[in-house]
Amino acid sequence: MSQHSPTSFLNPKILIPFATITLIWGSTWFVIRGQIAEVPASWGVTYRFLVAGIAMLVLAAFNRQRIRFTAREFGFAALVGAMQFTANFNLVYEAEHHITSGLVAVVFALLVVPNAILGSLFLGDRVSARFIFGAAFAMAGVALLFAHEVRADPGGADETLLGVGLTILAVLTASVANVMQASPPARRLPMMSLIGWSMLIGTAFNALWSFITVGPPVVPTTPGFYVGLAYLSLAASALTFTFYFGLIRVIGPGKAGFSNVLIPVVAMGISTLFEGYQWSVTAAAGGIIVLVGMVIALSSPKRAADS
């Protein structure tokens, strides 16, 4: 039996966090591109989650959440941190060295698939026929966006293949962490504290990996880097992961993962406003199909179990 009670997606407690996550994460791909232009990707991830982790624990203390964890609870937080805040983000940042941010965002939209599958296998979430149809329809739109971005990518075939492969690995590690966040052990822990410790333990892993692979920390000198770091750490990490993992616990990883299907459309819309992005017929059709598929999948009848 599913752990997630049927909940209307139009409920403001669901819709507002979902929209916030989508809009903020839709903008991060361009900010990440600027970050990795100044520091090695792994150090960029380290700085981001050091700031975000500290912010999360301060917020947890302010909300009087329990911060002290047992050794077993720290072990769980370490596993979440390794999957979500070390492996996932290092792979994403590295992928942006090889392919455009738009293509990374498009490939990451596939997160909805392993989220739904793993949620069904390990959490007992039932996947409705309507959700499957809507997700398949949305994936057709993602395929059109993918085709457009591949044609627009300046790198060669080998670079594109490597970047896409790294992003797919990132999708899988993120999906494992997403499902862990909806599991009984996670539900027994205060969410803000769990996220904070997961980020800081992930930061320790990131720092170790950075020392081994690229050497000592690189200290950026431009103010723009620190503005971007603040945005990625506070808005795009502390705020959005609190919303996102909260949604996962309410509607399940499958439906929560649909934010990643919509994110490429938002990213391209932002690029249109600020970077002069030109929509092709293929990209426009893909964006419309993604939106229609999302409406179908997320408007499942209340009697149908959430995915």
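The values are calculated or read from the model by the stated rules, or taken from the named source; none is laboratory data. Bear in mind that the values here come from a model prediction, so they are computed numbers and not experimental data. Here Cβ is always computed from backbone atoms with ideal geometry, including for glycine, and neighbour counts include all displayed protein chains.
Overview of values
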quantity	calculated
Selected residue [over 22 Å from residue 202 (Cα atoms), in contact (Cβ under 8 Å) with a residue 60 or more places away in the chain and not charged (D, E, K, R)] from 118, 59	118
Tally of residues being assigned to a helix (DSSP H, G or I) and touching a Phe, Trp or Tyr at 6+ places or on another chain (Cβ under 6 Å) across the range 33-43	3
Within the range 260-307, tally of residues that are part of a helix (DSSP H, G or I), of a type in the set (S, T, N, Q) and modelled with pLDDT under 85	3
Test: residue 111 is in contact with a Gly (Cβ under 8 Å, 6 or more places away or on another chain), at pLDDT 85 or above, within 22 Å of residue 160 (Cα to Cα) and hydrophobic (A, V, I, L, M, F, W, C)	yes
Boolean, residue 126 is surrounded by fewer than 24 Cβ atoms within 10 Å (Cβ to Cβ) and under 23 Å from residue 177 (Cβ atoms)	yes
Residue under evaluation residue 157, criteria (1) free of Cβ contacts under 8 Å to residues at least 24 places away in the same chain; (2) in contact with a Pro (Cβ under 8 Å, 6 or more places away or on another chain), criterion not met	(2)
Residues located in the range 253-301, provided they are surrounded by 22 or more Cβ atoms within 10 Å (Cβ to Cβ) and charged (D, E, K, R)	255
From the options 50, 59, residue that is crowded, with 19+ Cβ neighbours inside 10 Å and not in a loop (DSSP other than H, G, I, E, B)	50
Residue within the range 70-78 that is within 30 Å of residue 162 (Cβ to Cβ), in contact with a helix residue (DSSP H, G or I) (Cβ under 9 Å, 6 or more places away or on another chain) and either touching a residue at least 40 places away in the same chain (Cβ under 8 Å) or part of a helix (DSSP H, G or I) (or both) present	yes
Residue 108 vs. criteria closer than 22 Å to residue 254 by Cα and of a type outside the set (Ser, Thr, Tyr)	yes
Elements of type helices (runs of 4 or more DSSP H) in the range 94-153, at least 2 residues being aromatic (Phe, Trp, Tyr)	129-152
